[in-house]
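Q: Please see the structure below; I have some questions.
The values are calculated or read from the model by the stated rules, or taken from the named source; none is laboratory data. For clarity, every value in this text was computed on a predicted model and none was experimentally measured. Reconstructed Cβ throughout: ideal geometry from the backbone, glycine too, with neighbour counts over all protein chains shown. Areas reflect the complete protein model, heavy atoms only, side chains present, ligands, DNA and RNA absent. Shrake-Rupley method; radii C 1.70, N 1.55, O 1.52, S 1.80 Å.
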Amino acid sequence: MSTTPLAPTCDSAATVGLAPSKGNRLDGGTLAIVVVTIVIWASAFAAIRAGLKAFGPLELGAARFSIAAVPAALYLLISRPSLPRLGEVWRFATGGLLFVALYTALLNMGERTVSSGAAAFIININPIITAVFASFLLGERFGRWGWIGTAVSFSGIGLIALNEAVGSGTGLQLGWGALLVLGAALCNSITTVVQKPLFARHKPLTVSASNMVIGALALSPWLPGAYAQAQTAPLPGLMAALYLGVMPSLIAYATWTIVLSRMPAARASNFLYCAPPLAMLLGYVWLGEVPTVMGIIGGLMALGGVAIVNLKR
């Protein structure tokens, strides 16, 4: 989501041991996949808050990804993808351990004290982190307009976060909860950059399915507790866990890997700025969180920054 940043040249990619990015143009099919991913992921923040009313944070994560891992494992068994090379094993492990297990644990624990809308805003520091990582490790570069658009979007998110902090009721808790969510954003950024080179040799769905299976295995020690809690959980909490397992996990993780295979990592991650305004709307519909004028202005700024970095070439 930069000003269509240049993909790394073959020489620069070889220097850092990474494959060059493929595809800088945003075609209609890729845009449709981006929209589906963002809408589903935006809904995950409200779903987590609903699921935490029935499960503990780690138990909710274990239940969520045990649901997603079953079809993911079946896909791997049926498709029989090529095994990772020795130098790729750690990249696959990073996706399962950081992007699935640790990300989920930190976000769920953070959302015990941070509202769903505020969590979405905090998570969206991720594109800034990704842009820095991608610049140094993938050879991707932002032009002047890319950084201007990023600054506009980040300022909008900051305005929304400030509004949450000074508000009442479900306002932002400036404590451990916010730090945990920030940790989840860091996990997201690291994985985005680490796994980008895998798409030069492996299909996006292979990478996504592997992440699901590895992450589910890492969270499996909390699965018995999740089963015990499910026995007495209210129906809305059970439905939230099921929704999280199918939509934000199985489907959105798969579509996100497809996006990363078609676009530079930094530009793709900037689309995540669209998630907070959508999360605000879904929080109102699902949880009854009423957005304020300041929050709406911040959301428009976030979307405006995305427009700048994607339309200004």
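Q: Evaluate E = 1/(1 + (r/R0)^6) for Glu88 and Trp145, where r is the Cβ-Cβ distance and R0 equals 35 Å; express this FRET efficiency to the nearest 0.05.
A: After rounding to 0.05, the efficiency reads 0.50.
Q: Also, I was wondering about something else. Please give the net charge around Thr37, taking every other residue with its beta carbon less than 15 angstrom from that of Thr37, where Lys and Arg add +1 and Asp and Glu add -1.
A: +2
Q: Can you tell me, using C-alpha contacts under 8 Å and at least 6 residues apart, the relative contact order of the range 28-311 as a whole percent?
A: 41
Q: Within 10 Å, count the other beta carbons around each residue, average over each peptide in 215-223, 228-236, and list them highest first.
A: 215-223, 228-236
Q: So how do 95-101, 31-37 stack up, highest first, on mean other-Cβ count within 10 Å?
A: Ranked from most to least packed, the peptides come out as 95-101, 31-37.
Q: With every protein chain kept in place and ligands, DNA and RNA left out, what is the accessible area per residue of the range 28-311? Probe 1.4 Å, answer in Å².
A: That works out to 41 Å² per residue.
Q: Order the peptides 87-93, 187-193, 293-299, 152-158 from the highest to the lowest mean number of other Cβ atoms within 10 Å of their residues.
A: Those peptides, ordered most packed to least, come out 187-193, 152-158, 293-299, 87-93.
Q: Using a 1.4 angstrom probe on heavy atoms only, work out the carbon and sulfur share of the accessible area of the range 28-311 in %.
A: So the carbon and sulfur contribution to the accessible surface is 75 percent.
Q: Under a Cβ-only charge scheme (Lys and Arg +1, Asp and Glu -1), can you give me the dipole magnitude of the range 28-311 about the Cα centre, in debye to the nearest 20?
A: Here the range 28-311 has a charge dipole of around 700 debye.
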